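Engineer: I have a structure I would like to understand better, so I am pasting it below and will then ask my questions one at a time.
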Amino acid sequence: MRIWALTVIFLVTALAIAVFLSPFASKFPDGLDWTAEKLGFAHKSEGAEIIKSAPMPDYAVPHVKNESISTSLSGLIGTTIAFALAVIVGILLRFKSGEQRGRNT
């Protein structure tokens, strides 16, 4: 039971950071974009659609006009999805590990 309490604390902390601090993220390019601009190959990706329809392009939720709210929502959604995937992988690994232990005894 203690591990679940710790997990909930980490989840709430991550969600709070995603929702309340993401609108204050830097508007400057991230490391990859900055490097592409510095080395002169950023123009090669201009106009090229790699992903036809991204669910949240540029960390924004479609149809939400307020930029801060949109960014906060994308942080909330992204953090929730990442957490859910981590829990699913953890459960599968634990199940697999338990299955292996059962065969060895």
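The values are calculated or read from the model by the stated rules, or taken from the named source; none is laboratory data. Computed from a prediction, not measured in an experiment: that's the story for all the values here. We place every Cβ from the backbone using ideal geometry, glycine too, and count neighbours over all the protein chains shown.
Engineer: Quick check: is even one residue across the range 20-31 surrounded by 12 or more Cβ atoms within 10 Å (Cβ to Cβ) and touching a Phe, Trp or Tyr at 6+ places or on another chain (Cβ under 6 Å)?
Structural biologist: No - not one qualifying residue is present in the range 20-31.
Engineer: While we're on this one: Taking the condition outside any loop (DSSP other than H, G, I, E, B), without any contact (Cβ under 8 Å) to a residue 40 or more places away in the chain, surrounded by 14 or more Cβ atoms within 10 Å (Cβ to Cβ) and aliphatic (A, V, I, L, M), does Ala86 pass?
Structural biologist: Here the answer is no, as Ala86 does not meet what is asked.
Engineer: Please go through (1) closer than 29 Å to Thr7 by Cβ; (2) modelled with pLDDT under 90 for Gly40 and return the number of the only condition it doesn't satisfy.
Structural biologist: So Gly40 meets the others, but not (1).
Engineer: Right, something else. Do you know which residues across the range 18-36 are touching a residue at least 12 places away in the same chain (Cβ under 8 Å) and assigned to a helix (DSSP H, G or I)?
Structural biologist: Ala18, Val19, Phe20, Ser22, Pro23, listed by residue number.
Residue-by-condition table, conditions (1) closer than 16 Å to Ile77 by Cα; (2) modelled with pLDDT under 85:
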site	(1), (2)
Leu6	no, no
Ile9	no, no
Phe20	yes, no
Ala25	no, yes
Gly31	no, yes
Thr35	no, no
Gly47	no, yes
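Engineer: For the range 49-75, which positions are of a type outside the set (A, V, I, L, M), under 18 Å from Phe24 (Cα atoms) and either at pLDDT below 90 or not in a loop (DSSP other than H, G, I, E, B) (or both)?
Structural biologist: Listed by number, the residues that qualify are Pro57, Asp58, Tyr59, Glu67, Ser68, Ser70, Thr71, Ser72, Ser74, Gly75.
Engineer: Just to be sure I understand the filter: pairs with C-beta atoms under 7 Å, separated by 6 or more residues or on different chains, first member in the range 52-72 and in contact (Cβ under 8 Å) with a residue 40 or more places away in the chain, second member of a type outside the set (Ser, Thr, Tyr) and not in a helix (DSSP H, G or I). Which pairs pass?
Structural biologist: Thr71/Ala60
Engineer: Does Ile88 satisfy the criteria of being farther than 22 Å from Ala16 by Cβ and at pLDDT below 75?
Structural biologist: No, not satisfied.
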